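Working notes, structure below.
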Amino acid sequence: MILVFGSINVDVMVPVPRLPLAGETVLGGDYALMPGGKGANQALAARRAGSRVIMAGAVGDDGFAAVALETLRRDGVDLSLVRRVDCPTGCAAIMVGMAGENSIAVAPGANRLAEGGQTLDDVLGPPTILICQMEVPAGETEALIRRARARGARIVLNLAPATAIDPALFADIDLLVVNQGEAASLGEEPGRLGRILRRGLVVTHGAAGAVAYLPDGACLNIPALAIEPVDTTGAGDCFVGVLAAGLDAGLGLRDALWRASAAGGLACLGRGAQSSMPDRAAIDIAAARLPGIISAGPRETR
């Protein structure tokens, strides 16, 4: 089972011919309201990849809440730990350029009131994988990670957006997933940090794939799917959710990363985050199209 503690948003998507420069106005196409938020995106990705998923977070008592939760509810994500609070539902303004690149500003809203304490202790046992990100209060996330570790859950932290965390927390985390910019913000050499974490550090490199730095000093170089991206919004979230789902299904880290990379590529082929999340069958087909993985050092086992 997977428990996701994180953000739930509505995305206001605006297609533009190119991303504007500072102080510049660029006329775009028609906007669309779509469900989003890093936590919700990762929950949906894990659910579509085949896992049982519980979402914990907060939304407002407003019209955006229905939009934010619609796809999660339809796909069977358990929403019993989502609170209604007296604050607007989180919202992200997303501009998407012709080449699929994006620029995002987030108004956290109700996500600022998300509480890790709402999560029942009986959910945080050894069968559970906890996924967290950094779009909800960092203190709540850190406290929940410590509770989860004490009860034997496995923990995947996506340090996005880049946020300072207590370095002592690294020893409680199984996998830390970051992109290149977030990796640079850590101020640590990736190989060294990979040896501190329980199962390693994963750095995503977009079209260049990903690299996993393992506790034994080995690396796994994971290829990316060869695609022409339409919209990269949510691709990183899809990677994280499918990675956790693979581990939840009993795959070793190498195979779980392979499927995550394939799924992240598929998520770039449609517009919007959640609308582009692939299902398990599509991931199976795409994973078979990836080139062979090149590994360095001892082979990682589950």
Debye, to nearest 20: dipole size of region 2-296, +1 on Lys, Arg Cβ, -1 on Asp, Glu Cβ:
640
Among Val85, Gly100, Gly200, which residue has its Cα positioned farthest towards the positive end of the charge dipole of the chain, with +1 placed on the Cβ of Lys and Arg, -1 on the Cβ of Asp and Glu, and the dipole taken about the Cα centre?
Gly200
Taking amide H positions as placed in the peptide plane 1.01 Å from N, state which residues far from Leu3 in sequence (5 or more) or on other chains have amide H under 5 Å from it.
Ile54, Ile129, Leu130, Ile131
Stretch Arg52-Arg198 to full length: gain in nm at 0.36 nm per residue minus the Cα-Cα span?
50.2 nm
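Starting from the Cα-Cα distance between Glu228 and Ala107, subtract it from 0.36 nm times their residue separation and give me the gain in nm to one decimal.
Difference between extended and current length: 40.6 nm.
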Under 5 Å from the placed amide H of Val85, counting only residues 5+ away or on other chains, we find Val59, Gly60, Asp61
Could you work out Rg/(2.2 N^0.38 Å) for the chain, with Rg from alpha carbons only?
0.93
Any idea what Rg and Dmax come out to for region 1-118 if you just take the C-alpha atoms, in Å?
15.2, 46
Towards the positive end of the charge dipole of the chain, with charges on Cβ (+1 Lys, Arg; -1 Asp, Glu), say which of Ala143, Gly191, Leu251 has the farthest Cα.
Leu251
Tell me, what HN-Hα J-couplings in whole Hz come from the Karplus equation 6.51 cos²θ - 1.76 cosθ + 1.60 at θ = phi - 60° for each residue of region 193-207, using x for Gly and Pro?
5, x, 7, 7, 5, 5, 10, x, 10, 10, 10, 8, 10, x, 5
Once both label points are put 7 Å beyond Cα along the C-beta direction, the Arg18-Asp86 separation in nm becomes 4.8
FRET E, pair Ala66, Leu251, Förster distance 25 Å, beta-carbon r, rounded to 0.05:
0.10
Compute the label zone of Leu33 within region 45-71: residues whose backbone N is under 16 Å from the point 7 Å along Cα-to-Cβ.
59-71
Among 153-159, 170-176, 220-226, 69-75, the order from most to least packed when residues are scored by Cβ within 10 Å on average
153-159, 170-176, 220-226, 69-75
Counting only backbone N atoms under 15 Å from a point 7 Å out along Cα-to-Cβ of His205, the residues of region 173-193 in range are 178-184, 190-191
q = 0.11, 0.12, 0.13, 0.17 Å⁻¹: log10 I(q)/I(0) that the Debye formula gives for region 159-302, counting C-alpha atoms only
-0.38, -0.45, -0.53, -0.91
Note, Val14: beta-carbon cut-off 15 Å, +1 each Lys/Arg, -1 each Asp/Glu, net -3
Distance in nm between Ala99 and Arg73 label points, each 7 Å along Cα→Cβ, equals 4.0
Can you list residues from other chains, or at least 5 along the same chain, whose modelled amide H is less than 5 Å from the amide H of Asn9?
Gly36, Gly37, Ala40
For the chain, what's the relative contact order in percent, using C-alpha pairs closer than 8 Å and at least 6 residues apart?
18
Summing +1 for each Lys or Arg and -1 for each Asp or Glu, what net charge is found among the other residues whose Cβ lies under 13 Å from the Cβ of Asp75?
+3
Using only the Cα atoms of region 81-230, what semi-axes does the equivalent ellipsoid have when each is the square root of 5 times a gyration tensor eigenvalue? Give whole Å, largest first.
26, 24, 13
Compactness relative to 2.2 N^0.38 Å, alpha carbon Rg of region 59-144:
1.25
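Every number here is computed from the coordinates shown, using simple stated rules; none is lab data. Predicted model only: the values in this text are computed from it and were never measured. A quick note on method: Cβ atoms are made from the backbone with ideal geometry, for glycine too, and the neighbour counts reach across all protein chains shown.
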